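Input: a single structure, listed below in structure tokens.
What follows is calculated from the coordinates using simple rules that are stated; it is not laboratory data. Just so it is clear, the structure is predicted and the values come from calculations on it, not from any experiment. Every residue, glycine among them, receives a Cβ derived from its backbone with ideal geometry; neighbour counts consider all protein chains shown.
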Amino acid sequence: MKSETVSWSGGQKQIFTYEKSVKPGQIIECDKPSDFQFGFATVIHSIYVIGSLANSEIPKFANELQTQGFEAFADWYSPGPDADNYWRDYSKARGLTYKQALQSHGARMIFEFDKSHLDRCDAAVMLMPAGKSGHLELGYTIGRGKPGYILFDGEPERYDVMTQFATGIFFSKEELFEELKKYRG
């Protein structure tokens, strides 16, 4: 086991202990402080698949993750690509503003369902393209100290430096799967 003090801009210093092999409770080795986004080494059993209700690749990707030996949660996808539009239209028909609709029983129930599975899963993968909700879910996951990855479906049209918050950014499933296998329990 090796210990060292790491410092970086901003004056933060912390002692990190690590080994080459990753086991539950150990801290993993990394090249830069941003790699410590999820701190202690994590054994990943379950992955929350983040994406768009309009992305027909979600079920297929979830199945591929399961083939790799992970539980892949993507049940949020089942209402279909028009679920948000139907909710909006229903809420407006009931005379609700967006703020009021967010506090409705249905919206609260759906939010709590998704949040409970974000909390339960060990990691998240955002399958692009994804919208605002997906980016919020990824940020929430990373903010909770869990690994959060982005899998692009190709070179993005618009570059965004803030994707560096992600634990890892991938452009092929094979590379992502190789990374995830390092943490499979």
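Electrostatic tally near I44: other residues with Cβ closer than 12 Å to its Cβ, Lys and Arg +1, Asp and Glu -1, net +1.
Just subtract the alpha-carbon distance of R158 and H45 from 0.36 nm times their residue separation and send over the number in nm, one decimal.
Working: separation 113, 0.36 × 113 = 40.68 nm, distance 3.26 nm.
Contour length minus the Cα-Cα distance gives 37.4 nm.
Label separation (E178 vs L136): 3.6 nm, computed from points 7 Å beyond Cα along the C-beta direction. 3J(HN,Hα) along region 92-104, derived from phi through the Karplus expression 6.51 cos²θ - 1.76 cosθ + 1.60 where θ = phi - 60°, amounts to 5, 4, 7, x, 8, 6, 4, 4, 5, 4, 4, 8, 5 Hz, with x in place of Gly and Pro. Between S104 and any residue 5 or more places off or on another chain, the built amide H atoms are never under 5 Å apart. Using Cβ point charges alone (K and R +1, D and E -1), the dipole size of region 46-181 about the Cα centre works out to roughly 740 debye.
What FRET efficiency, computed as 1/(1 + (r/R0)^6) with R0 = 25 Å and r the Cβ-Cβ distance, is obtained for F171 and D75, rounded to the nearest 0.05? Please list the in-between numbers first.
Details: r = 27 Å, r/R0 = 1.06.
Approximately 0.40, to the nearest 0.05.
Using a cut-off of 20 Å between Cα atoms, the listed pairs K132/K182; K115/K146; K60/K146; K60/K173; K146/K182 include K132/K182; K60/K146 as exceeding that distance.
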